[in-house]
Structures are given as C-alpha cells and as structure tokens.
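What follows is a short report on a single structure.
The values are calculated or read from the model by the stated rules, or taken from the named source; none is laboratory data. Note that the structure is predicted; figures quoted are calculated from it, not measured. Because the Cβ atoms are built from the backbone with ideal geometry, glycine has one as well, and the counts that use them run over all protein chains shown. What goes into the accessible areas is simple: the full protein's heavy atoms, side chains included, and nothing from ligands, DNA or RNA. Shrake-Rupley method; radii C 1.70, N 1.55, O 1.52, S 1.80 Å.
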Amino acid sequence: MTNLNEKMVALGTQRSVIRELFEFGKLRAAEIGAENVFDFSIGNPSVPAPAKVNETAARILSEMDPVLLHGYTSAQGDAGVRAMLADSVNRRFHTSYCADHFYMTVGAAAALCCCFHGLCNAGDEVVIFAPYFPEYTVFARGAGANPVIVPADTEAFQIDFTAFAQALSPATKAVVVNSPNNPSGVVYAEETIQKLAAVLNAKAEEYGHPIYLISDEPYREIVFSGTTVPFLPDYYKNTLVCYSWSKSLSLPGERMGYVLVPPAVEDSAQVYAAIAGAGRSLGYVNAPSLFQRVCAACADETSDISVYETNKNLLLKSLREMGYQVVEPGGTFYMFPRSLEEDDAAFAERAKAHNLLIVPGCGFGCPGHVRISYCVPTEQIKRSLPAFEALAKEYR
Ligand code: PLP
C-alpha cells in the first residue's frame with residue numbers, strides 16, 4: 001500500500017456537511033419539486049455579476065494581444081492591474097498605496113494561504129474567533145501553524161475579550177478577523193476594532209515581536225444600510241488585508257483576490273516578499289490573467305446586492321416573530337440563529353424533515369446555532385416561512 005500523506009487523504013475524503021446538504025437538496029428536489037425544497041446551505045451569490053464584467057471580458061478578449069493576454073503575468077500580478085487596484089482602494093479609503101503593495105491571488109482562499117505560509121513557522125499560533133469560516137483551520141494547519149480558537153460572544157458576535165486574552169501567547173503570530181462575518185453576518189463595531197488594536201499593540205510589546213492582524217474581507221462590500229465597516233489598517237498598523245471579488249462581484253468561480261500589505265506594516269517589504277515566496281512555494285505562479293484585468297476594471301462596482309438586504313429584513317422579522325433568537329446581521333448573506341435545541345446537528349436534521357436545509361453551527365466552532373445562507377431568490381424565503389414556523393412549533 002502506498003505511503004501517502006494521511007493528513008491530506010483525510011482532508012480529501014472528509015465529508016463536507018454543506019456539500020452533503022446541497023446534494024440532499026438536489027435529490028429531494030427531484031422527488032418533490034424544486035419549489036418545495038428550501039436550500040439555505042451554500043454561500044453562492046444568487047445575483048449575476050454586473051453587466052460591466054462580461055462587457056469588459058469581451059472587450060479585453062477582442063482587443064488585447066492574445067499572446068500577452070493568455071501569457072504569464074508577473075508572479076505578483078500584472079503591474080497595471082495592481083496600479084488600478086491601488087487607485088481604487090486609495091479613492092475609497094483615503095490611503096496612498098501603490099501597485100507594489102498588492103499581491104494578486106486565486107481568491108481570498110489563496111490570499112489567506114499565502115499569509116499563513118508566509119508568516120508562520122512550524123508551531124506558531126494563529127488565533128481565530130468563533131464563529132469562523134471552517135477552512136481557516138485547514139489553511140493554518142497546512143502552513144504548519146496551530147489554530148487557537150476564541151469561543152464566540154454569542155450575545156452580539158463581537159469579541160469576547162476575556163477569552164481573547166486567554167488565547168494569546170508568545171507563540172501567537174497572527175490573528176484572523178472576518179467582518180462582515182461568515183456565518184453570523186455581523187460587522188465588528190469600531191469600538192471592537194479599537195479594543196482589538198489596543199490588546200494587540202500591548203501584547204506585541206510584551207512579547208517583543210509583531211502580531212499580524214489578517215483581515216479576511218470577501219464580504220466588505222455586502223453591507224446593509226446603517227452599518228459601516230471600519231477599514232482595519234487605519235486602526236492597527238500590522239494589518240494584512242485579504243480580499244476577493246467572489247461575493248461582491250458574484251465571481252466565486254473566477255477565483256480572483258489579493259493580499260494588500262500596507263507600507264506601515266513592520267518590515268513591510270520583507271512581509272510582502274514572504275507572501276510572494278509562499279505563493280511561489282505553493283505553485284500559484286500568477287492569478288488568472290483575464291480576470292485580473294476584468295476585476296481591476298470593475299473594482300469600483302458590485303453586483304446588485306440589494307436583494308440580500310431585502311432577504312435579511314424579511315427573514316429576520318419573520319424568524320423573530322416565530323420565536324427564533326437571531327443577532328441582526330450588518331452585512332453578508334448569512335444569519336446565525338440559535339438552534340431551538342442544544343444539539344445544533346439534531347436541530348438541522350429536524351429542519352430537513354421540513355425540507356429546510358440549514359447548516360449546524362458546530363462546524364463554524366459555535367454549537368447551538370445554525371447558519372442560514374439567504375443568497376436565494378426572495379420568493380424562496382417567502383415560500384420557506386411556513387416550514388420555519390412548523391419547525392418552531394415542534395419546540396413550543
Ligand atoms: N473567507 C470567507 C469568510 C469566506 O466565506 C470565503 C468563501 O465563502 C472565503 C474566505 C473564500 O473566498 P474565495 O472564494 O474568494 O476564495
């Protein structure tokens with residue numbers, strides 16, 4: 001028998017709860033009709049990319065020299081593309097970045113992997129706040145780091161600072177934040193960010209080495225009225241930004257994102273080099289050429305994301321009226337109500353009997369909750385409400 005890397009075999013064969021639900025939904029739809037299955041399992045944007053995306057792609061395909069277009073770009077991404085991104089970010093956040101602060105990646109996933117691999121030595125710790133995107137632990141372990149989970153503040157899904165203080169140690173290399181958050185939808189308040197920055201500054205001083213804040217921001221643009229998302233490099237100098245257009249431009253399949261290493265980061269040129277080195281060692285070479293150019297040209301656009309707010313309002317109001325406890329999301333297309341019994345997996349299983357496909361919170365490091373992905377047509381939300389009500393009734 002071949003002696004394989006057993007950790008990788010396990011990762012490659014592990015069942016994904018979300019994918020299983022998604023497959024179950026398809027089977028159920030064949031049995032009872034798609035309109036009777038309420039699939040809230042997966043976070044695939046439900047609105048198309050803006051017309052400008054396809055128009056730009058078509059224009060580039062017809063106008064650009066194909067040898068150049070389909071050839072390798074610089075490993076860190078085309079210099080013109082990165083300059084356009086710097087301009088866009090500078091306009092929006094009043095910064096003065098330049099092309100060389102941006103490293104183009106295959107989505108936020110690769111941006112995160114480049115950060116973890118670039119920053120961490122074996123045994124370094126990466127602190128992650130629950131509830132969290134489950135791949136963080138996979139990416140961190142893949143880089144030889146140890147993920148350290150901070151239990152959730154389930155009252156508001158901000159940060160439990162007592163638990164955070166306990167998670168930090170001299171081995172802490174980086175802290176990951178994701179606001180707007182998958183799965184809670186919550187946006188960190190400015191006060192939370194200020195407190196976080198103060199703790200990190202104090203601890204970095206105490207330990208005698210920098211602690212990097214990795215801000216994972218694929219939902220930065222998907223924010224509801226009345227909410228603002230603080231721009232983290234304004235609050236903490238050792239911040240690295242991981243961004244992608246997967247959600248804001250509805251382009252998850254095109255795999256395009258970047259790491260931004262602001263010049264204020266300590267030893268920023270070295271940090272940038274480490275990220276580029278990580279990309280190289282992982283064999284990423286360069287992010288896809290066509291969509292680097294498309295995303296740069298469309299960097300100031302978003303899809304028509306208004307449906308997510310419509311859905312959030314309808315679902316939040318209806319679920320609360322039925323007795324569900326839900327922290328109001330400030331953005332994304334997720335909400336994370338408490339399950340009506342302690343065992344979130346059992347609750348999600350009972351929901352399935354009503355053809356409601358929702359994801360148990362334990363996979364996000366936060367049991368006792370379920371994730372609802374409402375990137376679906378509003379009609380589906382309306383049709384699903386009797387099922388949520390019937391489910392709630394079972395617990396009254
Ligand atoms: N980070 C979070 C919080 C996400 O929800 C996702 C995808 O759902 C990613 C990162 C990965 O994004 P991408 O598809 O751009 O790699």
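List of remarks:
- If you go through the range 110-135 and pick out every residue that is of a type in the set (Asp, Glu) and within 16 Å of the ligand (Cβ to nearest atom), you end up with 1.
- Selection count, the range 96-107, where residues are in contact (Cβ under 8 Å) with a residue 60 or more places away in the chain, open to solvent by 10 Å² or more (accessible area, probe 1.4 Å), in a helix (DSSP H, G or I) and not charged (D, E, K, R): 1
- Residues that are of a type outside the set (Gly, Ala, Ser) and touching a residue at least 40 places away in the same chain (Cβ under 8 Å), drawn from the range 152-172: Thr154, Glu155, Phe157, Leu168, Thr172
- Which listed residue, of Pro183, Pro134, is open to solvent by less than 20 Å² (accessible area, probe 1.4 Å) and touching a residue at least 60 places away in the same chain (Cβ under 8 Å): Pro183
- Residue in the range 289-312 that is touching a strand residue (DSSP E or B) at 6+ places or on another chain (Cβ under 7 Å), in a helix (DSSP H, G or I), β-branched (Val, Ile, Thr) and buried (at least 19 other Cβ atoms within 10 Å of the Cβ) present: no
- Lone qualifier among Glu321, Glu221 - being of a type in the set (Asp, Glu) and within 16 Å of the ligand (Cβ to nearest atom): Glu221
- Any pair with Cβ under 7 angstrom, 6 or more apart, that starts in the range 190-216 at a residue that is open to solvent by 40 Å² or more (accessible area, probe 1.4 Å) and ends at one that is in a loop (DSSP other than H, G, I, E, B): Glu190/Pro230; Gln194/Tyr235; Lys203/Leu168; Lys203/Ile211; Tyr207/Pro170
- Any hit, the range 16-30, residues being closer than 30 Å to Asn286 by Cα, at pLDDT below 95 and open to solvent by less than 90 Å² (accessible area, probe 1.4 Å): yes
- Of all residues in the range 363-396 being acidic (Asp, Glu) and loosely packed, with under 14 Cβ neighbours inside 10 Å, the one that is nearest to Glu349 (Cα to Cα): Glu394
- Total residues in the range 230-283 satisfying the condition of being more than 16 Å from the ligand (Cβ to nearest atom), aromatic (Phe, Trp, Tyr) and in contact with a Phe, Trp or Tyr (Cβ under 6 Å, 6 or more places away or on another chain): the figure is 1.
- The condition (being outside any helix (DSSP H, G or I), free of Cβ contacts under 8 Å to residues at least 24 places away in the same chain and more than 25 Å from Thr310 (Cα to Cα)) is satisfied by just one residue among Arg19, Arg15: Arg15.
Here's the yes/no breakdown for (1) in contact with a Gly (Cβ under 8 Å, 6 or more places away or on another chain); (2) at positive phi; (3) free of Cβ contacts under 8 Å to residues at least 60 places away in the same chain:
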position: Lys317; (1), (2), (3): no, no, yes
position: Met322; (1), (2), (3): no, no, no
position: Tyr334; (1), (2), (3): yes, no, no
position: Glu342; (1), (2), (3): yes, no, yes
position: Pro360; (1), (2), (3): no, no, no
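- Residues in the range 22-59 that are of a type in the set (A, V, I, L, M, F, W, C), in contact (Cβ under 8 Å) with a residue 40 or more places away in the chain and over 26 Å from Ser244 (Cα atoms): Phe24, Ile32, Val37, Phe38.
- One residue stands out in the range 14-29 among those that are more than 24 Å from the chain's Cα centre (by Cα) and of a type in the set (D, E, K, R): the one that is nearest to Val138 (Cα to Cα), namely Lys26.
- Candidates Val37, Val47, Val53: the one that is closer than 27 Å to Gly279 by Cα and among the hydrophobic types (A, V, I, L, M, F, W, C) is Val53.
- Which numbered condition Phe161 misses (of (1) open to solvent by less than 20 Å² (accessible area, probe 1.4 Å); (2) over 30 Å from Cys298 (Cα atoms); (3) among the aromatic types (Phe, Trp, Tyr)): (1)
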